[in-house]
Each structure stands twice: as C-alpha cells, then as structure tokens.
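Reading through the structure tokens given below for one structure.
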Amino acid sequence: MISISELKKVINPEVLHLAKPDFTVEYLISDSRKVNFAHTALFFAIKGQRQDGHTYIQNLYEQGVRNFIVEDRINFNNFKDANIFKVAHSLTAMQQIAENKRIKYDNLDILGITGSNAKTIIKEWIAQMLMPEYLVVKNPKSYNSQIGVPLSVWQINENHTFGVFEAGISKQNEMQNLQNIIKPTYGIFTNIGSAHNEGFLDLKQKIEEKSKLFLQCKKVIYCNDHSEINEHLIHLNLPRFTWSQTGKVADINFNLEKITEDEIQISIILNFKNSLQIFDFYIPFNDTASIENVYHCIAFLLFYGFSIESIQQKVRFLKPVSMRLELKQAIHSSYIIDDSYNNDLAGLTMALDFLTNQNQKQLKTVVLSDVLETGMNSDVLYMLLSETLKEKNITKLIGIGSHFFEHSHYFNTISKTSFFKTTEDFLESSAITDFENEIILVKGARVFEFEKIVKKLEQKSHRTVFEINLDALSNNLNYYRNKLDAKTKIMVMVKSFAYGAGSLEVANLLQFHRVDYLCVAYTDEGVALRKAGILLPIMVLNISTDDFYILTQFKLEPVVYSIKILEELVEYLKSKNLLMSVHLELETGMNRLGIAENELNEVVTIILKSDKLSISSVFSHLAGADEAHFEDYTQTQFGKLLKSCVILENKLKYKFLKHILNSAGIVRYPEMQLDMVRLGIGLYGVEANGLEQKYLQNVGTLKTIITQIKKVRKGESIGYSRKGVALDDLTIGIMAIGYGDGYSRGFSNGVGKVLVNNVLVPVIGNVCMDMTMIDLSKVKAKEGDEVIVFGKNIDINEMAKSIQTIPYEIFTSVSERVKRVFYTE
C-alpha cells in the first residue's frame, strides 16, 4: 500500500484535484481492461504510439477507480470525488513508486535475471527450487518490461523472504530503469542472441546494456562459454560465479556422462570455497536448451548454499514450464483455459483477466486449487480470493484442496460452488461432466496435477491441432497500427473462419484491442459473432434479400454492391420502418462486385428518396497492391475512388468513411490510408509484399504426430496408386493428417516437407484423406513424436509456392475438424 501523502513525496506531482487526501492505494493498473478492486486502484494514463490512457479515464471512473496519474490537464469537474495527479510521464511515475516499494524492503535478497532467451523458465524453476525454504516473490509469467517489472515488484510484502525478477529490454537506455526498480542482490546472465537486434547497433552494445542490471550485484552467475558475455563482465570487474560445459576454468564444470530417453547423467566438478568436489547428478531432460537452463539453476543454488543432495532432489521434480494460457475447445460446447502449472496470486489475477475478457460464453467457471506458500493468514487469503472471484463475476467455483474445503463458507456470494479435498475426489464425482456452454479456467498448484482435469475436460479429437498464438496476433495488429495516422481507423477481416484461425476467438481478441470494425463474408458469420458477445461494428461483404431481416436483428452493416440490391434493401426498410447503415462498394478495376461510376447518379437518387438508409463508408478493392509493377494501375483505382466519393458527398450532403487499402497496400501505399484500412492476411503473419516479413510474427502452427513407424524394403510401393516407391530400404512414418484436414494432395510425392525433431523430411506417396506418409530415413524419431506441418520454422509462403497457390489458401484449408488451441504467454 501507499498513502496519498507518501505518493506525493515520491513522484512530486502537480495536484489537479484532491478529493480524498486520506486514501490508500493497493493496486497499480495501466490497462483499463484489467481492473482489480477499483476502489483501491491507482490508474496510470500512459500515452503510447496508438493508445492514449487518458481516453479511458471516464470509463474507469464509472467502474469505481478514484485515483489517477495523468500527463494531460484534464477537467476534474467530471471527476469530483477523485484524486488526480499530473506528472510529465506516467510510466516514470509508476516506476518511481515501484522503486520506492523496493527501497522499503532493501534487506530482501533478490535475484535479477536477464539475457536473450530462457529468462522466464529459469526464473520459474529457481523460484520453485527455493521453496519451501524461502517464500518467493517473482514476476507473473513474463512480466519483464518497462511496465511489467514495476507491477511485479509492487507485489513485495513483509512475508516474502526472497525475490526472483526477470528484466527484458528491446533497445538502448532501458535497463537502468529496471535496475533501479529491481536492485538485484545477485544476477544471472542467461545468454546472448539475436532477439531484439534491431534495437542495438551490434551484439556488444546489447551485452553492455543488459549488463547494467548487475552493476550493484554481489555476484553475477553465468556461463563463461559465452565469450562475449564473459569478456564484458570481466571488463566491468563485477564479482562473478561462473560455470562451463566445455572444460574452461570455472567455479563449476558440468560434464555430460550419459544420455537416455528421459534424462541425462552428468558429473559436477565444484571448484569453489577452497575445495574441489565431484558429484554425479541426474537431470530429467535431454534437450540442449533445458540442460543449459538447469545448469543455471544448479549453479545459483550451489552458490547460495544449498547442498548438492538437496539440489538433486529439487531438480528431480522439475518439469517443462508451460508459460502460456491455452484456450481449447472442451466438452459440452464449452471452452477450457489451461493454466494448470501453478497457482500464485499474481498469476491467478492474470488468468482471471484472460477469462473475463473471453465473451464466447456467458457462464464463467473457475476450477481452483489451494493457493500455497503465500505467507498470508489463511482466513485473510480465502476472503481475498472470494472478493477477487466476486469482482470478476465468476458464476461457478470448484475449489479443490483441504484449505478450500475448510474455508468454503467464504464463497457464499458465488451462485454455484462445490468443494473437494483432492483432485481424485473431483475426477471421480459427477461434477467432472457437469459443464455446458461455459468457459472454464483450470488453475492449480503443481502438486494437484490439474493436467488430469484438463485431459478429462478437453474435447476429444485426433491428435492434429492448429495452435494460434494470440500474442503474435496482437503484435501483428500493432505493427500495422503503427503504420497508420492517428485518426485512421482499422477494419479487420475475420471472414472464412478468420483465415482458418477461428472467428470467435480472433474477434474476441480484436474487440479487446479495440479495433474499429470487423468484416465477414456472409451474414451467418456475423450472426455467430454477435451471439458470441462481439459488439464491434461488423461489415458483411456478400448479402442477398433473404438476409435483410437477420441483418437488422443483429445490427450488421451490409455491403451494397449493385443497384438491384440497393433498391430491394430500401424497399424492405421502408416496409418494416427500420433504419440501417450500409457500405457502398465501388468498381474501380477489380471487376468483381461493385457499383460502376456511370451508376452513381442512380444510386444517389435511390438513397435520397429513402430516410431509412445511410452510408457508413464507401470503398473499393485494389487488384494489385502487392506487386510494384501494378503501381500505375493502383494509382488509377485510387483516383477513381476519390472522384466517385466527391460526387457522392456533394450530392448526399454528408461525409462518410473512405477506404481502399488492404494489408499489402498499408505497407506499400501509406499515402492512400484515407479514413480506414482493411487488415487481412497481414494480421495472420504474412506480409503480402514480402518487403517487411521480418517484423511480423508467426501466428498459426499446424502440428500432428507420427502414429506409426515401419520399414519398407527397396522396390516396395507406398500409398494409393502406388505413387511412392522405395528406391532404397526406408523407414517411413505415418502422420495423422490428410487432405480431409486441409493438407492438400498437391503435397504428395516429395513436394511437401514437414519438420520432425528439427529435421525437414519429405512426403512419400500420395496424401490420403486422413493420413500422410513421410520418409524418416534421415531423422531419429519414434511413434508419438510431434510433426510440424507449418509454423515458425516452415515458411508458409514457400510452402504455398510449392503447390502453385497462396498462403491464404493454406490457412483457410485447415478443416474445422482440426482442433484449435489458442494461447497467450
């Protein structure tokens, strides 16, 4: 908590209005969509490139927030019982408040972690290994940014006995801010790589910037095999504790002795505290990245005084950390949010925010385990949980664990509750199937094994899944937004099942990010979005007279592309005495749907005769925006649209939105932005021009498994029509995907290539309806291994070219029988 009087001393603001001088702040917020306990929250109105926090002050005030840090001089007459403080930079004020919090707990040992990769996994593992000896405070998930770090450090309280915080930067002059807030006692420099290279002149500068986190550390732990890191830390003359796996002189040397399918055996040579000791050690992973991450953890715990026997026991219990929230289809028309790894309070708040922002279903259910090792009085803790769930409008709670069972009386305000002492009790009860049309958050501490619940609730399907990275969608949306003028609106295409990604889930994310319009191809797509709680304006591209009633009932805005459809619509609205906004599509050179220039006068006449219809926008489609040699044609189309819009506005006597740019056009023709742009394939990670692909993130990963492996002798045939022939003795795998799932027959006979254990292998024989054969002769694989059909490491542009098509078709071909899994880090 921080009092208003202390707040003023810390940030030295200009006080615009002080209605409650005795108020105490408990929660810091910067996102108006994630409000917890509004009556004790402090909102920071931060100005970004595309978003201005000041825009949401009124909405927050209506939600009950009464404390605001602002950069603009706002009219406090609208917020008479609020405290409003003006500063030069709201983000700086947030960081100063967090720094003040850290100073209050300056005796608390804190481990600061930075590097290019593995910050989050190492943080999570070390936090797990420090317990139960220490009560640990840490960043929730990967909250390591200029905003995430202060929000993380703000969690520190008198019960904590150790802190583990990661710090991430993307450009110069960012780390000092985070160092001031974290003030780490010890540090880990994980590694250095290419992530965020664009923010630095070179690798040396990046290392220099990241190293600023450690300038006041008592010891920095790192692998001195990373020569650039080693040289710089030696140059800084920082106190160092090093490890090596290549035999270099170090405090610890790790030597790989034996690899099995499930674990590795290593020997550890300790050369510190004036002694030389050698131990055998077992690590429950055999992949290179996990092994190096565990080495960091072992090194820190050895340095910090844990015995080798204690560390071995703790390492045995380490498991891969899922740092993402997964939204999956569940039984009985429900969804499940899988966050079954841990159950700390900060992570719970984030998971509940994610749950409450899903609008696909009205009923919101939480399956929650006991919250362990908080250091809080149990009555206080479960009263707080009850208030939190009530604040988030949770409709159903299933509490699992002895503490929940004992404190069940605190949850009487939730309409439907049930409590079980163990996970097994719940799985054996009828409650495990008592779900219908709900969104179910499953969140539990590791020891409760909630993955069993997730497995039981998931909708059963074959093992082929299409994973959708919601964070990548957000990144790509922001990339295009940052190319637009501040006043230019953005319409996003979610037609054709959102390019295969899932219309409801993608639309829900876009509504969360406050895009201006959505666009669908057909009326039933728009209806499905409305029924799923999507309130954004929705443009419908293809309509018929049969759609008129539904369009009006669900407040959908149709595209009028012909005089015939315009006349029929005007007549319908008149007969029913209804109002409607529509969008006029003009023909400028696509020669598809659209009203021709010589039809404009007739269109105007029809519209002016009706008082039931108004024009929301006028637009056209560019035929060749993705190809530079069509620039003259594109300019001609643009000119035709502008000319027609002048005619329409002059005769209709009112303004409307104008738009012509698609994803390719946003990049290639920024001068044609007009009032709005239409974002399609770019959102899903494909830069249609091929000019700026590196700035977009992969959104969709189609993956399956190897269901069987078999030997084929030289000369034998493989698959239908005997198209595949073994030129030598082969090992083949049968993967659980075929053209019934959207994997085109065009990929048959070596055209298609998939990724198995990071090795590209070819398709052999014809693609079948439900399965496809692949040549495994050059890769070590086993039945059940994952196969990547397309994703981050398989370029969908090249994949499309190999069968003479475009990425759009690859995406939209993924059939609906393939399970979609949506996730956010």
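The values are calculated or read from the model by the stated rules, or taken from the named source; none is laboratory data. The model shown is predicted, which means the values in this text are computed figures rather than measured ones. Reconstructed Cβ throughout: ideal geometry from the backbone, glycine too, with neighbour counts over all protein chains shown. Protein only, heavy atoms only, side chains kept; ligands, DNA and RNA dropped before computing areas. Shrake-Rupley method; radii C 1.70, N 1.55, O 1.52, S 1.80 Å.
When the Kirkwood hydrodynamic radius is evaluated over all pairs of different C-alpha atoms of segment 453-609, what value in angstrom, to one decimal, is obtained? Before the final figure, lay out each step's value.
Numbers: mean 1/r = 0.0562 Å⁻¹.
One over the average 1/r among Cα pairs gives 17.8 Å for segment 453-609.
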Can you compute the modelled spin-label distance between Gln265 and Lys80, with each label point 7 Å from Cα toward Cβ, in nm?
7.9 nm
Given the whole protein assembly as supplied and a 1.4 Å probe, what does the accessible area of Glu198 come to in Å², nearest 10?
150 Å²
Expressed in angstrom and rounded, the centroid-to-centroid distance over alpha carbons for segment 62-130 and segment 162-209 is 18 Å
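Segment 686-765: percent of C-alpha pairs farther apart than 19 Å?
Details: 1519 of 3160 pairs.
Taking all Cα-Cα pairs of segment 686-765, the fraction more than 19 Å apart is 48 percent.
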Would you work out which of Val137, Thr190, Ser170 lies farthest towards the positive end of the dipole of segment 119-234? Charges go on Cβ: Lys and Arg +1, Asp and Glu -1.
Val137
Placing one equal point scatterer on each C-alpha of segment 1-138 and summing with Debye, one gets log10 I(q)/I(0) at q = 0.12, 0.15 Å⁻¹ equal to -0.57, -0.81
Work out the length of the dipole vector of the chain about its Cα centre, built from +1 on the beta-carbon of each Lys and Arg and -1 on the beta-carbon of each Asp and Glu, and round it to the nearest 20 debye.
560 debye
By how many nm would the segment from Leu608 to Glu567 grow when fully extended, if each residue of separation counts as 0.36 nm and the alpha-carbon distance is taken off?
13.6 nm
Cut-off under 5 Å, modelled amide H: who pairs with Tyr335 long-range
Ala330, Glu438, Ile439, Ile440
Label-to-label distance, nm, for residues given as Ser418 and Asp728 (7 Å Cα→Cβ offset)
5.9 nm
Principal axis extents for segment 179-246, Cα atoms only, whole Å, descending order, please.
35, 31, 18
Would you please give the residues with an amide H less than 5 Å from that of Phe420, counting only those at least 5 places away or on a separate chain, with H modeled from the backbone geometry?
Gly399, Ile400, Gly401
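For the chain, what proportion of DSSP beta bridges, expressed in % and rounded to the nearest 5, is antiparallel? Let's see the in-between values first.
Numbers: 61 of 143 bridges.
In the chain, DSSP labels about 45 percent of beta bridges as antiparallel.
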Over the chain, what is the relative contact order in whole percent, taking alpha-carbon pairs under 8 Å and six or more residues apart?
8 percent
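Go through Glu208, Glu783 and list them by solvent-accessible area, largest first, probe radius 1.4 Å. Kindly include the intermediate steps, with their values, before the conclusion.
Details: Glu208 65, Glu783 105 Å².
Ranked from most to least accessible, the order is Glu783, Glu208.
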Which one, Leu238, Cys297, Gly199, is farthest towards the positive end of the dipole of segment 166-310 when Lys and Arg carry +1 and Asp and Glu -1 on their Cβ?
Leu238
Heavy atoms only, 1.4 Å probe, whole protein assembly: order Met131, Met676 by accessible area, highest first.
Met131, Met676
The answer for trypsin sites (Lys or Arg not before Pro) in segment 426-470 that fall in a DSSP coil and have at most 12 neighbouring Cβ atoms within 10 Å is Lys460
Cross-link reach list, aspartates and glutamates versus Lys210, counting only Cα pairs under 12 Å and skipping chain neighbours closer than eight places
Glu166, Glu174
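State the dimensionless ratio Rg/Rh of segment 187-333 (Rg: radius of gyration of Cα atoms; Rh: Kirkwood radius).
1.04
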From the phi of every residue in segment 626-640, what ³J(HN,Hα) in whole Hz does the Karplus formula 6.51 cos²θ - 1.76 cosθ + 1.60 yield, where θ is phi - 60° and glycine or proline is x?
8, 10, 4, 6, 9, 4, 4, 5, 4, 4, 5, 4, 4, x, 5
List, in order, the whole-Hz ³J(HN,Hα) value for each residue of segment 788-804 obtained from phi through the Karplus relation with A = 6.51, B = -1.76, C = 1.60 and θ = phi - 60°; use x for Gly and Pro.
9, 7, 8, x, 4, 9, 10, 5, 5, 5, 5, 4, 5, 4, 5, 10, 6
Would you check the accessible area of Lys703, probe 1.4 Å, heavy atoms only, in square angstrom rounded to 10?
30 Å²
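May I ask you to derive the relative contact order of segment 562-661, considering only C-alpha pairs under 8 Å and at least 6 residues apart, and to give it as an integer percent?
Values: 130 pairs, mean separation 29.8, N = 100.
RCO, segment 562-661: 30 percent.
Could you list, in their original order, any pairs among Lys361/Lys495; Lys80/Lys364; Lys141/Lys694; Lys101/Lys455; Lys658/Lys694 whose Cα atoms are separated by more than 32 Å? Mind dumping the intermediate values first?
Numbers: Lys361/Lys495 21 Å; Lys80/Lys364 35 Å; Lys141/Lys694 26 Å; Lys101/Lys455 41 Å; Lys658/Lys694 30 Å.
Pairs exceeding 32 Å: Lys80/Lys364; Lys101/Lys455.
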Per DSSP, loop trypsin sites (Lys or Arg not before Pro) in segment 512-554 with at most 14 further Cβ within 10 Å:
Arg514
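Order these peptides, 431-440, 164-173, by their mean beta-carbon neighbour count within 10 angstrom, highest first.
Details: 431-440: 17.2, 164-173: 20.9.
Descending packing order for the listed peptides: 164-173, 431-440.
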In whole Hz, what ³J(HN,Hα) sequence does segment 22-36 give by Karplus (6.51, -1.76, 1.60; θ = phi - 60°), x for Gly and Pro?
8, 6, 10, 8, 10, 10, 9, 9, 10, 10, 5, 8, 10, 9, 10
More than 22 angstrom apart: percent of Cα pairs within segment 418-543
53 percent
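How much length would be gained if the chain were fully extended between Asn601 and Ile647, taking 0.36 nm per residue of separation minus their Cα-Cα distance, in nm to one decimal?
15.7 nm
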For segment 304-432, max minus min Cα coordinate along each principal axis, in Å, sorted largest first?
51, 33, 30
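Over all directions, the average projected area of the alpha-carbon convex hull for segment 706-825 comes to how many nm²?
7.7 nm²
For the cross-link pairs Lys138/Lys206; Lys138/Lys483; Lys723/Lys792; Lys258/Lys714; Lys314/Lys703, which exceed 27 Å when the distance is taken from alpha carbon to alpha carbon? Present the calculation step by step, with values, prior to reporting the outcome.
On the way: Lys138/Lys206 24 Å; Lys138/Lys483 35 Å; Lys723/Lys792 30 Å; Lys258/Lys714 35 Å; Lys314/Lys703 33 Å.
Violating the 27 Å limit, Cα to Cα: Lys138/Lys483; Lys723/Lys792; Lys258/Lys714; Lys314/Lys703.
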Could you give the alpha-carbon Rg of segment 15-82 over 2.2 N^0.38 Å, rounded to two decimals?
1.02
Take the Cα atoms of segment 433-505, find their three principal axes, and give me the spread along each one in whole Å, biggest first.
50, 29, 24
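Relative contact order of segment 593-733: what whole-number percent is it, with Cα pairs under 8 angstrom and at least 6 residues apart? List each step's numbers first, then the result.
On the way: 157 pairs, mean separation 21.9, N = 141.
Relative contact order comes out at 16 percent.
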Just to check, using Stokes-Einstein with a Kirkwood Rh over alpha carbon pairs, what's the diffusion coefficient of the chain at 10 °C and 1.306 mPa s in µm²/s?
53 µm²/s
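With only Lys, Arg, Asp and Glu charged, each at its Cβ (+1 for the first two, -1 for the last two), find how big the charge dipole of segment 356-444 is about the Cα centre; round to the nearest 20 debye.
Details: 8 positive and 12 negative charges, 80 e Å.
Value, rounded to 20: 380 debye.
Provide the gained length on full extension for the span Lys710 to Gln697, in nm with one decimal, where the gain is 0.36 nm per separating residue minus the Cα-Cα distance. Intermediate results must be reported in sequence, preceding the final value.
Values: separation 13, 0.36 × 13 = 4.68 nm, distance 3.64 nm.
Gain on stretching Lys710 to Gln697: 1.0 nm.
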With all protein chains present and a 1.4 Å probe, the order of His160, His403 from largest accessible area down is His403, His160
Exposure of Ser575 as accessible area (Å², to 10), given a probe of 1.4 Å and all protein chains
80 Å²
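Hey, how much of the P(r) for segment 613-654 falls beyond 12 Å, as a percent of Cα pairs? Mind showing how you got there, number by number?
Details: 547 of 861 pairs.
The answer is 64 percent, as a whole percent.
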